[in-house]
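Just so you know, all these numbers are worked out from the coordinates, no wet-lab data involved. Everything numeric here is computed off the predicted structure, so don't read it as measured data. FYI the Cβ positions are ideal-geometry reconstructions off the backbone, even for glycines, and counts take in every protein chain you see.
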Amino acid sequence: MIKILTIVGARPQLIKASAISRAINQKFSDSIHEILLHTGQHYDVNMSAVFIEELGLPQPTINLEVGSASHATQTARMMEGIEKAIFNYQPNVVLVYGDTNSTCAGALAAAKLQVPVVHIEAGLRSFNKKMPEEVNRIVTDHVSTLLFSPTEIGFDNLVKEGFNRNSVSPHSASNPKIYHCGDIMYDNSLYFAQSASERSKIKKRIGLSDGGYILSTVHRPSNTDIASNLIEIVEGLLSIARNGDPIVAPLHPRMEKAIRQNLPKELYDKLTSADNIHLIPPVSYLEMVELEKGAKMIITDSGGVQKEAFFFQKPCIVLREETEWVELVENGNSKLAGPDSKKIEDAYDEFTHKTEFNYPPFYGTGQTAEFICAEIIKQLG
């Protein structure tokens, strides 16, 4: 029996973790025992606790309740708590997701104790080290033992950084194994799409019809905490709304605070009083899936939502200067606009008039979680 300590700290990681936990419960319960550690990096009832219940995840065995702090303070507190958990539970493997401080802290704590690290979403690069996420990705990859990249581009990035595409067992941080395996978020989108249609009533509650609205999410500090960037984004959304397309915008707690504190009063009043913009509280995962499925277009700075837009075949305007999902931009499904109102409006006009979109199978067949579990057993069992 392999004992896995899974580290999560933010809503997207809970969603990703549900795919692996489901695969373990359905097919690998005799071979894998999972312990869930929540760092508390982002812990809000609507953003975490509701997701745990909705996605069928076990309640975290450990919650560090780290909360918000500077990057260094937050990461250090997490490492201290994760190290204690490793000593207490003696896992065979530490599993981390994505690119948050929780990811990096889990990988560093485990690697220093010589516990193999499994990194899901390895190899992704924005090539902008000003982004904390980029630093976290690189550090995590280079102390991991098994690296699972969702895309061919991500796999190639690892090869360019010196990883051996043909490494042979036994594997360790000094002799890691890399994979192009597909995306567990695609597994989840397929699994939860029907359930979302059956259980979510959010479109009816707001008065939205399929294909008749735009979904927008904003949460990155570079977009919320820098007033000039936030102003550009809001002006872009207001311009689009004036053209007749309703916008529904679930407000991340950071965005809700930012529009009150960082917008000029006149612009704040325009945003909050606009008939065609629906500012709503954070939504559950199933509600988000339902909103994505029914949207005409998606505007976001979220890496996960960019992919989900692709899964549900929706054009996506990305409120960033770069993205780790470069294949979506190259294929014409996403367009980088950054926090620039003119570029946001131009991207909206381009997608509105574009009639042909292509959605290649970039992210696998929907069985990635099973593949990852099988490889953990094979390589580290």
inquiry  = How compact is the stretch 196-353 by the rule of thumb for globular proteins, expressed as Cα Rg over 2.2 N^0.38 Å?
reply    = 0.95
note = The answer for Ile2, listing residues at least 5 apart or on another chain whose modeled amide H is closer than 5 Å to its amide H, is Ile32, His33
remark   = Given backbone amide H placed at 1.01 Å from N, residues whose amide H is under 5 Å from that of Gln41, ignoring those fewer than 5 places away on the same chain, are Val66, Gly67
note = Compactness summary of the stretch 62-194: radius of gyration and Dmax from Cα atoms, Å, are 15.1, 43
ask   = Using the scaling law 2.2 N^0.38 Å as the reference, what is the normalised Cα Rg of the stretch 314-381?
value = 1.57
ask   = So what J values fall out for the stretch 364-381 if you push phi through Karplus, 6.51 cos²θ - 1.76 cosθ + 1.60 with θ = phi - 60°, rounded to Hz, Gly and Pro as x?
value = x, 10, x, 10, 5, 4, 5, 4, 4, 4, 4, 6, 4, 5, 5, 8, 10, x
ask   = Tell me which aspartates and glutamates have Cα within less than 20 Å of Lys130's Cα, excluding those fewer than 8 residues away on the same chain?
value = Asp99, Glu121, Asp141, Glu161, Asp225, Asp301, Glu321, Glu322, Glu324, Asp340
key: Candidates per trypsin sites (Lys or Arg not before Pro) in the stretch 157-188, loop by DSSP, up to 15 other Cβ within 10 Å   = Arg165
note = So, with points 7 Å from each Cα along the Cβ direction, the Asp349-Asn63 label distance in nm works out to 4.9
request  = Report, to the nearest 10°, how far helix 101-112 tilts away from the longest principal axis of the Cα atoms in the chain, using its own Cα long axis and a range of 0 to 90°.
outcome  = 10
message = Placing +1 on the Cβ of each Lys and Arg and -1 on the Cβ of each Asp and Glu in the chain, which of Val248, Ile206, Met79 has its Cα farthest towards the positive end of the resulting dipole?
response = Met79
inquiry  = How far apart, in nanometres, would the label points at Ser29 and Arg199 be if each is projected 7 angstrom from Cα along the Cα-to-Cβ direction?
reply    = 1.9
query = Under a point-charge model restricted to the Cβ atoms of Lys and Arg (+1) and Asp and Glu (-1), what is the dipole moment magnitude of the stretch 117-218 relative to its Cα centre, in debye to the nearest 20?
reply = 360
task = Could you list which residues have their amide H under 5 Å from that of His252, counting only those 5 or more apart in sequence or on another chain, with H placed in the peptide plane?
result = Val218
request  = Could you point to the label whose value was computed as percent of Cα pairs over 35 Å apart for the structure here, given (1) 23; (2) 34; (3) 28?
outcome  = (1)
key: Taking the convex hull of Cα positions in the stretch 273-367, its mean projected area over all directions (nm²)   = 7.2
task = Specify the angular offset, from 0 to 90 degrees and rounded to the nearest 10, of the alpha carbon long axis of helix 71-89 from the longest principal axis of the alpha carbons in the chain.
result = 40
request  = Provide the net charge surrounding Asp275, with neighbours chosen by a C-beta distance below 15 Å and charges set as Lys +1, Arg +1, Asp -1, Glu -1.
outcome  = 0
request  = Could you tell me which of rounded, prolate or oblate describes the stretch 176-243, using a ≥ b ≥ c as the square roots of the eigenvalues of the alpha-carbon gyration tensor, with rounded for a/c under 1.5 and, failing that, prolate when a/b is larger than b/c and oblate otherwise?
outcome  = oblate
task = Sum -39500 (n - 2.57) across every DSSP H segment of at least 4 residues in the chain, then divide by the residue count to get the 222 nm mean residue ellipticity, nearest 500.
result = -14500 deg cm²/dmol
message = Set the bar at 28 Å for Cα to Cα. Now go through Lys160/Lys354; Lys27/Lys177; Lys16/Lys201 and name every pair that lies beyond it.
response = Lys160/Lys354
query = Can you give me the relative contact order of the chain as a percent, contacts being Cα pairs under 8 Å and 6 or more apart?
reply = 16
